[in-house]
Amino acid sequence: MAKSIKIRMGGYGPPTTSFSRSLKLIGDTLSTRLGDRIGVDYVWNIMDSGHRAEEILMLVENGEMTLGYQSSSYLTDRVPELGFVDLPFLFEHRDQARAAIDGELGRFLSRSIEARINYRILGYFENGFRHISNRLRTVRTPADLKAMRIRVLPSEVQARTFELLGAIPLRWDLTEAIAAIKAGTIDAQENPFANTVTYGVHKFHRFHTITNHFYISRPIFLNRAQFDAWPNDLQSAMHDAITKAVAFQRELAIAEDREARAAIEAAGCEITALTPQEHALFRQAVDPLLQDARRTYGADMFEMVAATKQVAAGAVAMNTT
């Protein structure tokens, strides 16, 4: 009897998150289709064994794990094109962002990653729109962020964004950030509500502001050497399983966002919704970065985003009828 093919999948969150549940769906889908030809193992949270969150990238690249996910911002130093999707206020709505990531823009980014790293990119989970939380005061304008020490993802674009907003950005791994938030040695962080609750930040930060400043995706990457060595039917099955899991995770993400917001409010925290005028102040503050980005990335990538606006408008109209 042929030896089963081992598939080890992992991430950096508890098994209850949409990401972990989607990994389980991938494994279950493969097992149903291929039976004992494969053996699936999960490592829900590599931080539990002393790893930094960013090390999921290395673990998959060197083959210790078969499949992982991570926010695309963690790869921007190696794949500069990914800095484009770190730009602030790039997308207006979730449907537009999803259309771009599933369309020409996402395919371009996948090719860019695969050209530089030992990965196969088979899809994108949704980390979603991000918001600011802090321990000091209500934030309604960029002036309220002045001199705040804020953790950002390891991306120069994100760091520059918060410099323009008046804060002091710290490019830290998640493990460093969680420790510093608990110790009170940094003032602020930015994350989707679901992440804020998953990592317990709302227990230390009273003030939360709905800014929607970044939309971040999490590429699903496989060790290329392992994937390319698989028989065609396993490769096809993995493609299908990930397509199914992406749709599943994105629906869960909507529910997670709603539940996390309720948890933040239940903890006695303050959630501030900006007026259109207040939101415009944030957009105006980062305009120099967006102008520079047109020279850095060129018109084509912006056109890929612009092409999705009509798709998003149609989806929003359908959801409101």
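For first residues located in region 142-171 and without any contact (Cβ under 8 Å) to a residue 60 or more places away in the chain and at positive phi, partners that are open to solvent by 20 Å² or more (accessible area, probe 1.4 Å) and among the hydrophobic types (A, V, I, L, M, F, W, C) and lie 6+ apart or on another chain with Cβ distances below 9 Å form the pairs ALA147/ILE168.
Criterion applied to LEU174, LEU165, LEU136, LEU145 was being under 17 Å from the mean Cα position of the chain (by Cα) and among the aliphatic types (A, V, I, L, M), and the one residue passing it is LEU174. Number of residues in region 234-273 that are under 30 Å from ASN134 (Cα atoms) and not basic (Lys, Arg): the value is 22. For region 20-43, a residue qualifies if it is within 22 Å of ASN195 (Cα to Cα), open to solvent by less than 70 Å² (accessible area, probe 1.4 Å) and free of Cβ contacts under 8 Å to residues at least 60 places away in the same chain, and the qualifying residues are SER20, TYR42, VAL43.
The set of residues from region 1-19 being of a type in the set (Ser, Thr, Tyr) and crowded, with 22+ Cβ neighbours inside 10 Å comprises TYR12, SER18.
Among the helices (runs of 4 or more DSSP H) confined to region 274-321, the ones with at least 3 residues that are farther than 25 Å from GLU81 by Cβ and modelled with pLDDT under 95 are located at 309-319. State yes or no: is PHE248 in a strand (DSSP E or B), within 22 Å of the chain's Cα centre (by Cα) and of a type in the set (Phe, Trp, Tyr)? In short, no.
Figure legend. Inter-residue proximity from region 270-296: first residues over 21 Å from ALA306 (Cβ atoms) and touching a residue at least 12 places away in the same chain (Cβ under 8 Å), second residues part of a loop (DSSP other than H, G, I, E, B) and of a type in the set (Lys, Arg), beta-carbon distance below 9 Å, spacing 6+ or different chains. Indicated pairs: GLU270/ARG206; THR272/ARG140; LEU274/ARG140; GLU278/ARG140; LEU281/ARG140.
Screening HIS202, HIS239 for residues that are more than 21 Å from ILE113 (Cα to Cα) and touching a residue at least 40 places away in the same chain (Cβ under 8 Å) leaves exactly one candidate, HIS202. Among residues that are open to solvent by 50 Å² or more (accessible area, probe 1.4 Å) and touching a residue at least 60 places away in the same chain (Cβ under 8 Å), PHE214 is not included.
The values are calculated or read from the model by the stated rules, or taken from the named source; none is laboratory data. Just so it is clear, the structure is predicted and the values come from calculations on it, not from any experiment. So basically every Cβ, Gly included, is an ideal-geometry build from the backbone, and we count neighbours across all protein chains shown. Side chains are part of the model used for accessible areas, which takes the heavy atoms of the whole protein and leaves out ligands, DNA and RNA. Shrake-Rupley method; radii C 1.70, N 1.55, O 1.52, S 1.80 Å.
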